[in-house]
Amino acid sequence: MKQVKVFSIIFSVVFFASCNKDDNNTTSQPPVIESTVIKASGDEAGIAAQVDQFRALLGGPLNNVPGQITGRREITWDGVPFVFTNNNTFPLDFFSMTDPLGANGRKRGLLYLDKGSPFRLDSSNFTEIDASYADELIAFSKKKSIIAANSTVSELVFKVAGTNTEAFVKGFGIVFIDVDDANSSYLEFFNGAKSLGVFKAPVRTQAGGFSFLGVQFPVEKITRVKITAGNAVLAAGVKDLSDGGNKDLVAYDDLFYSEPQSIN
């Protein structure tokens, strides 16, 4: 069977409904939020070009040490020690280390928010939760991927790499694993308390396939990202839509973002 690969590049303008009247009783125009969206669906090779295109949009080089003001960061999970793998103990601050003597690989300026759910980093396609996930939740950059263990939602913020200084990024991308429902998996971006919009991941085009979603804002700053992965949590006996179940079970893998810069 011929594999189908789907990709798109979308230059979008998001309008937020608001209606304010000035002293002359005229209606002001709603604010406009511009964004560039890159989406792709397929196997690893099938989305590679769009992932690289988003990397170029974020800018180079790929940074591995603190103290940078340009370039981008990436997280692939595979270098995380085994002690934090295949259990629900992944530290929320693993990639926001501030210890000057700590490893530079952990100083990437990304901090998960504590929303009451532990995180599970997994190298078994989550088969230790349910064996049916073996052919569904296949890691993109082999061999580890991640979920919020008791929730479909993860939230993260940014720090200047190696510090506790609050930061923003201009673009953020993610590889979702096994998206079956067009409404199940998406990103919402925030600048402070202001939502910059909700962006849905494309549906996978083949078994064990991936869905890439990357969004860049030329004007706005991203200070927080809300990741929704699927419409149910992984659990023993819970089957995916593509395996005879009625839930869309989704994990995620690589993250891509521009170098975090100080908000102030």
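For the reader, a short list of remarks on this structure follows.
- Verdict on residue 99 being surrounded by 20 or more Cβ atoms within 10 Å (Cβ to Cβ) and modelled with pLDDT of 95 or more: no
- Inside segment 165-182, residues that are part of a loop (DSSP other than H, G, I, E, B), aliphatic (A, V, I, L, M) and more than 14 Å from residue 140 (Cα to Cα) make up a count of 1.
- In a residue-by-residue description of segment 117-137, the property of being free of Cβ contacts under 8 Å to residues at least 60 places away in the same chain and under 24 Å from residue 191 (Cα atoms) applies to at least one position.
- Matching residues in segment 133-177 - criterion: being over 18 Å from the mean Cα position of the chain (by Cα), more than 29 Å from residue 261 (Cα to Cα) and either surrounded by fewer than 21 Cβ atoms within 10 Å (Cβ to Cβ) or modelled with pLDDT of 95 or more (or both): 133, 134, 135
- Selection status of residue 208, over 23 Å from residue 114 (Cβ atoms), surrounded by fewer than 20 Cβ atoms within 10 Å (Cβ to Cβ) and free of Cβ contacts under 8 Å to residues at least 12 places away in the same chain: no
- Tally, over segment 238-253, of residues that are in contact (Cβ under 8 Å) with a residue 40 or more places away in the chain and within 23 Å of residue 116 (Cα to Cα): 7
- Segment 247-264 - residue that is modelled with pLDDT of 95 or more and surrounded by fewer than 21 Cβ atoms within 10 Å (Cβ to Cβ) and, of those, nearest to the chain's Cα centre (by Cα): 254
- All positions within segment 214-245 that are closer than 30 Å to residue 193 by Cβ and outside any loop (DSSP other than H, G, I, E, B): 214, 215, 216, 222, 224, 225, 226, 227, 228, 230
- Of all residues in segment 36-47, none are over 14 Å from residue 258 (Cα atoms), part of a strand (DSSP E or B) and at pLDDT below 95.
- First in segment 58-80 and under 20 Å from residue 36 (Cβ atoms), second anywhere and assigned to a loop (DSSP other than H, G, I, E, B) and at pLDDT below 95, Cβ under 9 Å, 6 or more apart: 70/60; 71/60; 72/60
- Scanning segment 62-76 for residues that are over 12 Å from residue 257 (Cα atoms) and exposed (fewer than 14 other Cβ atoms within 10 Å of the Cβ) returns 65, 67, 69.
The values are calculated or read from the model by the stated rules, or taken from the named source; none is laboratory data. All values reported here derive from a predicted model rather than from experimental measurement. Every residue, glycine among them, receives a Cβ derived from its backbone with ideal geometry; neighbour counts consider all protein chains shown.
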